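Please read the structure below before turning to the comments.
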Amino acid sequence: MAENPSDQVREAPYLPYETVADDEVTHSLRAWLRAVDDLGELKVIDGLDWQESIGRVSEMLHHTDDSPAVVFDRIPGFDPGYRILVNSLATRSRLALTLGLDTNIGTFDLVDAWERLTTTTKPEPTLRVDSGPVTENILEGDDINLDLFPTPLWHPEDGGRYIGTGCGVITKHRNSDWVNVGTYRVMILDEQHTSLYMSPSKDGMEHRNSYFDVGEPMPVVVLAGLAPIQFMASGLEIPHGVNELEWVGGISGVPVRCIEGAHTGLPIPAHAEIAIEGFLSPTETRPEGPFGEWTGYYASQSREEPVLDIKAIYHRNDPILLGCPPEKPPYEAQRFQQYGRSGNLQRQLRAAGVPNVVAAWTHSVGGCRLFNVVSIKQSHAGHARQALHVAAQCGQAAYLGRIVIVVDEDIDVTDLNEVIWAVCTRMDPERDTDIIRRALTGALDPAIEPGKKTFNSRLLIDATRPWEWRDRFPQAIGPSPEVKRETREQFGWIVGR
Ligand SMILES: Cc1cc2nc3c(=O)[nH]c(=O)nc-3n(C[C@H](O)[C@H](O)[C@H](O)COP(=O)(O)O)c2cc1C
């Protein structure tokens, strides 16, 4: 470790970057690093240990707006070049870059862009290739050793080292061709085994049930280092039944080149950094967790979870592990999920027939699940209640929601001050609140007693002007959303975007 701590920070650029064909740039993490470096948003830090420092620094990074993407290299005990990238998608500019959008895009435009992408994108089938950078090293049999990678202990009280945080878990439904990629946490059990934790209602869980119900192991590939566009699609709810690899092929206009896993037949992106292939046992379990989670707690205790028996590890030379350890909100994932989940919520409200939805926002402080706000232009009696109930129970919101608020169109849904002001001044608790009972929760819900985490309830708050006397409601002071939007466009450099 350098004597002067600042000597440990290297300014990018650093090699090896990757020169890939133009049409492959989107699906290569190394080409993405070059683009982020060009934006001036990349730092390289040498010499931090996996036992404590990497987790601690990552935690602090996540809580700072506009923080850089950081590569940890020269990790003591590991070959130089065995690296970890964290905080990849923490800023709007890096998310926009990843999606091929203008890096100066504003908040609402990015939400609308996501809604458009999830509505209109035509999936692009993956392209089968025989080899690629990921086949530079193939470890099988006794050579399989997860300890080759510098997986950090992300939080001091974690039950183990999680190699799968910023990961993509590839599975296929047993009875169809449906391939899914989801981000589910993966803890190292020993050199050749991991666990895999999936919450109820996840697509990966549906796949798991299709095998476990008939007593068969589930084929799995864990991408522990992958292109950020693939990670983003994996960690966000894209339309049910769509293969995320085909979806990112569709939005980038470039098919993802994939080799076929030798043991499972699953597609593995040829530019992946690290891919772990194996079978999830329907019978063998081992203790998993606790793990610091997106709720801001070590939310689930240690529990028995199925064991993933590894048959092969594929990795590039000088592999880069993609880390996205959950932290107290808002952390990196919520900084990108807030746009995607808000776009999803908008789309699903409209698809359910709720008229005149102005905007929706899944607040990062609630982990983009626990605290969601919708604005409407009230169009009929009962409109606010309709929006509330749909926003509390549609696909995007069903799992582990808590509080939903509906406001009028003059309220900026992203601004906590405005939202709480509307609640304080337009809502009367007796008239304007509903509770939904026996809704879907999961093992990570800190407010529900251990052993009883099946159902939770939802608080719905109508903070719109009361329909019957809305014309007589006191006039609010301050600019309209349109004026605010224009002001942001014109004076964003002063008032912020
Ligand atoms: C960093 C990160 C970690 C996550 N960890 C888990 C997890 O351990 N288990 C889980 O069920 N979902 C987890 N999620 C959420 C899922 O990835 C997300 O709901 C995704 O949409 C699931 O994909 P699916 O809808 O295809 O199942 C995580 C998301 C991120 C971004």
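The values are calculated or read from the model by the stated rules, or taken from the named source; none is laboratory data. Since the structure is predicted, the reported quantities are computational estimates derived from the model, not experimental observations. Please note: Cβ atoms are built from the backbone with ideal geometry, for glycine as well, and neighbour counts cover all protein chains shown.
Numerical summary
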{"item": "Residues of the stretch 207-240 that turn out to be in contact with a Cys (Cβ under 7 Å, 6 or more places away or on another chain) and surrounded by fewer than 19 Cβ atoms within 10 Å (Cβ to Cβ), as a count", "result": "0"}
{"item": "All strands (runs of 3 or more DSSP E) inside the stretch 145-230 with 1 or more residues being under 17 Å from the mean Cα position of the chain (by Cα) and more than 9 Å from the ligand (Cβ to nearest atom)", "result": "162-164, 168-172, 218-225"}
{"item": "Filtered residues of the stretch 89-110 (kept if more than 20 Å from residue 249 (Cα to Cα) and touching a strand residue (DSSP E or B) at 6+ places or on another chain (Cβ under 7 Å))", "result": "108"}
{"item": "Counted residues, the stretch 422-436 - those being surrounded by fewer than 16 Cβ atoms within 10 Å (Cβ to Cβ), closer than 16 Å to residue 475 by Cα and of a type in the set (A, V, I, L, M, F, W, C)", "result": "1"}
{"item": "Filter result for residue 24 (modelled with pLDDT under 95, part of a loop (DSSP other than H, G, I, E, B), among the charged types (D, E, K, R) and not assigned by TED's automatic domain parsing to the domain that holds residue 293)", "result": "no"}
{"item": "Qualifying helices (runs of 4 or more DSSP H) (wholly inside the stretch 333-436; at least 1 residues being within 28 Å of residue 297 (Cα to Cα) and touching a Lys or Arg at 6+ places or on another chain (Cβ under 6 Å))", "result": "383-393"}
{"item": "Residue check for residue 458: in contact with a strand residue (DSSP E or B) (Cβ under 7 Å, 6 or more places away or on another chain), assigned to a loop (DSSP other than H, G, I, E, B), buried (at least 18 other Cβ atoms within 10 Å of the Cβ) and in contact (Cβ under 8 Å) with a residue 60 or more places away in the chain", "result": "no"}
{"item": "The listed residue being of a type in the set (Val, Ile, Thr), in contact (Cβ under 8 Å) with a residue 40 or more places away in the chain and out of contact with any Leu (no Cβ under 7 Å at 6 or more places or on another chain), out of 107, 98, 120", "result": "107"}
{"item": "Number of the exception - residue 95 against (1) crowded, with 23+ Cβ neighbours inside 10 Å; (2) in the same structural domain as residue 289 (by TED's automatic domain parsing); (3) within 15 Å of the ligand (Cβ to nearest atom)", "result": "(2)"}
{"item": "Boolean, residue 476 is under 27 Å from the mean Cα position of the chain (by Cα), away from the ligand (no atom under 16 Å from the Cβ) and not in a strand (DSSP E or B)", "result": "no"}
{"item": "Test: residue in the stretch 254-262 that is within 16 Å of the ligand (Cβ to nearest atom), assigned by TED's automatic domain parsing to the domain that holds residue 166 and in contact with a Lys or Arg (Cβ under 9 Å, 6 or more places away or on another chain)", "result": "no"}
{"item": "Any hit, the stretch 236-248, residues being away from the ligand (no atom under 16 Å from the Cβ), farther than 18 Å from residue 322 by Cα and in contact with a Pro (Cβ under 8 Å, 6 or more places away or on another chain)", "result": "no"}
{"item": "Test result for residue 295, β-branched (Val, Ile, Thr), more than 10 Å from the ligand (Cβ to nearest atom) and under 22 Å from the mean Cα position of the chain (by Cα)", "result": "yes"}
{"item": "Criterion: in contact (Cβ under 8 Å) with a residue 24 or more places away in the chain, assigned to a loop (DSSP other than H, G, I, E, B) and within 18 Å of the chain's Cα centre (by Cα) - qualifying residue of 85, 61, 89", "result": "89"}
{"item": "Residue in the stretch 338-351 that is touching a Phe, Trp or Tyr at 6+ places or on another chain (Cβ under 6 Å), within 14 Å of the ligand (Cβ to nearest atom) and closer than 23 Å to residue 218 by Cβ present", "result": "no"}
{"item": "Selection status of residue 138, more than 11 Å from the ligand (Cβ to nearest atom), crowded, with 24+ Cβ neighbours inside 10 Å and farther than 22 Å from residue 50 by Cα", "result": "no"}
{"item": "Selection count where residues are more than 17 Å from the chain's Cα centre (by Cα) and assigned to a helix (DSSP H, G or I), scope the stretch 97-112", "result": "4"}
{"item": "The stretch 333-353 - residue that is without any contact (Cβ under 8 Å) to a residue 40 or more places away in the chain and surrounded by fewer than 22 Cβ atoms within 10 Å (Cβ to Cβ) and, of those, farthest from residue 406 (Cα to Cα)", "result": "351"}
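Yes or no, residue by residue, for (1) aliphatic (A, V, I, L, M); (2) in the same structural domain as residue 195 (by TED's automatic domain parsing):
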| residue | (1), (2) |
| --- | --- |
| 102 | no, no |
| 111 | yes, no |
| 116 | no, no |
| 127 | yes, yes |
| 139 | yes, yes |
| 144 | yes, yes |
| 150 | no, yes |
| 164 | no, yes |
| 170 | yes, yes |
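Here's the yes/no breakdown for (1) farther than 14 Å from residue 460 by Cβ; (2) among the hydrophobic types (A, V, I, L, M, F, W, C):
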| site | (1), (2) |
| --- | --- |
| 374 | no, yes |
| 380 | yes, no |
| 400 | yes, yes |
| 404 | no, yes |
| 410 | yes, no |
| 418 | yes, no |
| 436 | no, yes |
